[in-house]
Amino acid sequence: MLILFGMIFTLVVGIIGHFLYDFTNKNKLIGFFFAKDESVWSHLKLGITPTIIWSIVEKIKLIDNANVWAITGISLFVFSIIIIIFYYLEKVIIKKDIAIYNISLFIVAVIAEYITSFLLFNMISLSLIIKILGYLNLVIIFLLYLYSEIFKPNFTIFKRFRLI
(Lines give C-alpha, C1' and ligand atoms only; values in the text may rest on other atoms or scores of the structure.)
Protein backbone atom coordinates (compact mmCIF):
# COMPACT_ATOMS: atom_id res chain seq x y z
CA MET A 1 0.00 0.00 0.00
CA LEU A 2 2.88 2.38 0.78
CA ILE A 3 4.26 1.75 -2.70
CA LEU A 4 0.99 2.93 -4.22
CA PHE A 5 0.95 6.08 -2.06
CA GLY A 6 4.57 6.76 -3.01
CA MET A 7 3.81 6.33 -6.69
CA ILE A 8 0.82 8.69 -6.53
CA PHE A 9 2.84 11.21 -4.50
CA THR A 10 5.68 11.11 -7.04
CA LEU A 11 3.31 11.49 -10.00
CA VAL A 12 1.39 14.41 -8.50
CA VAL A 13 4.44 16.29 -7.17
CA GLY A 14 6.38 15.60 -10.38
CA ILE A 15 3.62 16.92 -12.63
CA ILE A 16 3.13 20.00 -10.44
CA GLY A 17 6.91 20.41 -10.28
CA HIS A 18 7.05 20.81 -14.05
CA PHE A 19 5.29 24.18 -13.72
CA LEU A 20 6.53 25.33 -10.31
CA TYR A 21 9.69 27.14 -11.45
CA ASP A 22 7.81 29.50 -13.76
CA PHE A 23 4.89 29.78 -11.33
CA THR A 24 7.23 30.92 -8.51
CA ASN A 25 8.81 33.56 -10.77
CA LYS A 26 11.97 31.49 -11.34
CA ASN A 27 12.74 30.84 -7.66
CA LYS A 28 16.28 29.43 -7.47
CA LEU A 29 15.45 26.94 -4.71
CA ILE A 30 12.53 25.55 -6.73
CA GLY A 31 14.79 25.44 -9.80
CA PHE A 32 17.33 23.42 -7.82
CA PHE A 33 14.79 20.70 -7.05
CA PHE A 34 12.43 20.81 -10.04
CA ALA A 35 12.44 21.45 -13.77
CA LYS A 36 13.52 24.86 -14.93
CA ASP A 37 14.00 24.09 -18.61
CA GLU A 38 13.33 21.31 -21.09
CA SER A 39 16.60 19.42 -20.61
CA VAL A 40 16.57 15.73 -19.83
CA TRP A 41 18.14 16.53 -16.44
CA SER A 42 15.17 18.77 -15.56
CA HIS A 43 12.81 15.99 -16.52
CA LEU A 44 14.74 13.56 -14.35
CA LYS A 45 14.43 15.92 -11.38
CA LEU A 46 10.62 15.72 -11.72
CA GLY A 47 10.79 12.09 -10.61
CA ILE A 48 13.91 12.16 -8.46
CA THR A 49 12.92 14.97 -6.08
CA PRO A 50 9.51 13.59 -5.04
CA THR A 51 10.94 10.06 -4.78
CA ILE A 52 13.67 11.26 -2.42
CA ILE A 53 11.08 13.18 -0.37
CA TRP A 54 8.89 10.07 -0.21
CA SER A 55 11.83 7.86 0.80
CA ILE A 56 12.65 10.26 3.65
CA VAL A 57 9.04 9.97 4.86
CA GLU A 58 9.26 6.18 4.51
CA LYS A 59 12.50 5.99 6.46
CA ILE A 60 11.48 8.37 9.26
CA LYS A 61 7.81 7.60 9.75
CA LEU A 62 6.64 4.51 7.96
CA ILE A 63 9.15 1.72 7.47
CA ASP A 64 11.68 0.06 9.69
CA ASN A 65 13.80 -1.27 6.85
CA ALA A 66 17.53 -0.70 6.65
CA ASN A 67 17.43 -1.00 2.86
CA VAL A 68 15.17 2.00 2.09
CA TRP A 69 18.02 4.11 0.69
CA ALA A 70 19.56 1.31 -1.38
CA ILE A 71 16.16 0.42 -2.82
CA THR A 72 15.45 4.08 -3.58
CA GLY A 73 18.78 4.32 -5.39
CA ILE A 74 18.09 1.27 -7.56
CA SER A 75 14.52 2.38 -8.27
CA LEU A 76 15.70 5.84 -9.32
CA PHE A 77 18.25 4.22 -11.61
CA VAL A 78 15.41 2.34 -13.36
CA PHE A 79 13.40 5.58 -13.61
CA SER A 80 16.38 7.50 -14.99
CA ILE A 81 17.30 4.91 -17.63
CA ILE A 82 13.72 4.78 -18.94
CA ILE A 83 13.46 8.59 -19.12
CA ILE A 84 16.85 9.01 -20.80
CA ILE A 85 16.38 6.29 -23.42
CA PHE A 86 12.84 7.21 -24.42
CA TYR A 87 13.45 10.97 -24.23
CA TYR A 88 16.24 10.71 -26.80
CA LEU A 89 14.33 8.17 -28.89
CA GLU A 90 11.52 10.70 -29.17
CA LYS A 91 13.95 13.40 -30.26
CA VAL A 92 15.68 11.20 -32.85
CA ILE A 93 12.72 9.25 -34.25
CA ILE A 94 9.77 11.63 -33.89
CA LYS A 95 11.91 14.79 -34.05
CA LYS A 96 9.55 16.95 -32.02
CA ASP A 97 8.06 17.28 -28.56
CA ILE A 98 4.72 15.57 -28.11
CA ALA A 99 3.16 16.48 -24.77
CA ILE A 100 1.10 13.31 -24.40
CA TYR A 101 4.20 11.20 -25.14
CA ASN A 102 6.24 13.07 -22.50
CA ILE A 103 3.50 12.80 -19.88
CA SER A 104 2.98 9.11 -20.66
CA LEU A 105 6.74 8.51 -20.50
CA PHE A 106 6.88 10.12 -17.07
CA ILE A 107 3.96 8.02 -15.82
CA VAL A 108 5.41 4.76 -17.21
CA ALA A 109 8.86 5.53 -15.74
CA VAL A 110 7.38 6.25 -12.29
CA ILE A 111 5.31 3.06 -12.41
CA ALA A 112 8.42 1.04 -13.37
CA GLU A 113 10.35 2.74 -10.58
CA TYR A 114 7.78 1.78 -7.95
CA ILE A 115 7.37 -1.77 -9.29
CA THR A 116 11.14 -2.12 -8.88
CA SER A 117 10.86 -0.72 -5.38
CA PHE A 118 8.02 -3.14 -4.55
CA LEU A 119 10.00 -6.13 -5.83
CA LEU A 120 13.12 -5.13 -3.89
CA PHE A 121 11.22 -4.45 -0.66
CA ASN A 122 9.70 -7.93 -0.88
CA MET A 123 13.03 -9.69 -1.26
CA ILE A 124 14.16 -11.48 1.87
CA SER A 125 17.57 -9.87 1.67
CA LEU A 126 19.40 -7.67 -0.79
CA SER A 127 22.81 -8.65 -2.03
CA LEU A 128 25.71 -6.43 -1.09
CA ILE A 129 26.23 -5.44 -4.73
CA ILE A 130 22.61 -4.19 -5.05
CA LYS A 131 23.03 -2.18 -1.84
CA ILE A 132 26.31 -0.67 -3.04
CA LEU A 133 24.85 0.19 -6.45
CA GLY A 134 21.79 1.76 -4.82
CA TYR A 135 23.86 3.92 -2.49
CA LEU A 136 26.25 4.81 -5.31
CA ASN A 137 23.37 5.96 -7.50
CA LEU A 138 22.07 8.22 -4.71
CA VAL A 139 25.52 9.76 -4.32
CA ILE A 140 25.75 10.31 -8.08
CA ILE A 141 22.31 11.94 -8.11
CA PHE A 142 23.28 14.22 -5.23
CA LEU A 143 26.49 15.23 -7.01
CA LEU A 144 24.60 15.87 -10.26
CA TYR A 145 22.20 18.21 -8.45
CA LEU A 146 25.14 20.17 -7.04
CA TYR A 147 27.19 20.05 -10.24
CA SER A 148 24.32 21.24 -12.43
CA GLU A 149 23.67 24.25 -10.18
CA ILE A 150 27.24 25.25 -9.39
CA PHE A 151 28.93 24.82 -12.77
CA LYS A 152 26.01 25.23 -15.21
CA PRO A 153 27.44 22.49 -17.45
CA ASN A 154 27.06 22.63 -21.20
CA PHE A 155 26.73 19.02 -22.23
CA THR A 156 23.83 17.01 -23.54
CA ILE A 157 21.97 15.85 -20.46
CA PHE A 158 21.94 19.35 -18.94
CA LYS A 159 20.75 21.26 -22.00
CA ARG A 160 17.74 21.13 -24.24
CA PHE A 161 18.19 18.57 -27.00
CA ARG A 162 18.26 20.09 -30.47
CA LEU A 163 18.44 18.20 -33.72
CA ILE A 164 20.98 19.53 -36.22
Leading residue by the ranking (nearest to the chain's Cα centre (by Cα)) among those in the range 1-40 that are small (G, A, S), assigned to a helix (DSSP H, G or I) and within 18 Å of I83 (Cα to Cα): G14
Filter result for the condition that a residue is free of Cβ contacts under 8 Å to residues at least 12 places away in the same chain and more than 11 Å from the chain's Cα centre (by Cα), over Y101, Y88: Y101
Qualifying residue in the range 66-81 (condition: surrounded by fewer than 17 Cβ atoms within 10 Å (Cβ to Cβ) and modelled with pLDDT under 90): yes
Considering residues of the range 82-100 that are surrounded by 15 or more Cβ atoms within 10 Å (Cβ to Cβ) and not aliphatic (A, V, I, L, M) only, the residue nearest to H18 (Cα to Cα): Y87
Count - residues of the range 104-128 that are of a type in the set (S, T, N, Q) and over 16 Å from I85 (Cβ atoms): 4
Matching residues, the range 18-42, being exposed (fewer than 14 other Cβ atoms within 10 Å of the Cβ) and free of Cβ contacts under 8 Å to residues at least 60 places away in the same chain: F19, D22, F23, T24, N25, K26, K28, L29
Qualifying position, being touching a helix residue (DSSP H, G or I) at 6+ places or on another chain (Cβ under 8 Å) and farther than 20 Å from L44 by Cβ, among L62, L133, L119: L62
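The values are calculated or read from the model by the stated rules, or taken from the named source; none is laboratory data. Remember, it's a predicted structure, so these values are computed and weren't measured experimentally. Every residue, glycine as well, gets a Cβ built from its backbone with ideal geometry; the counts of neighbours run over all protein chains shown.
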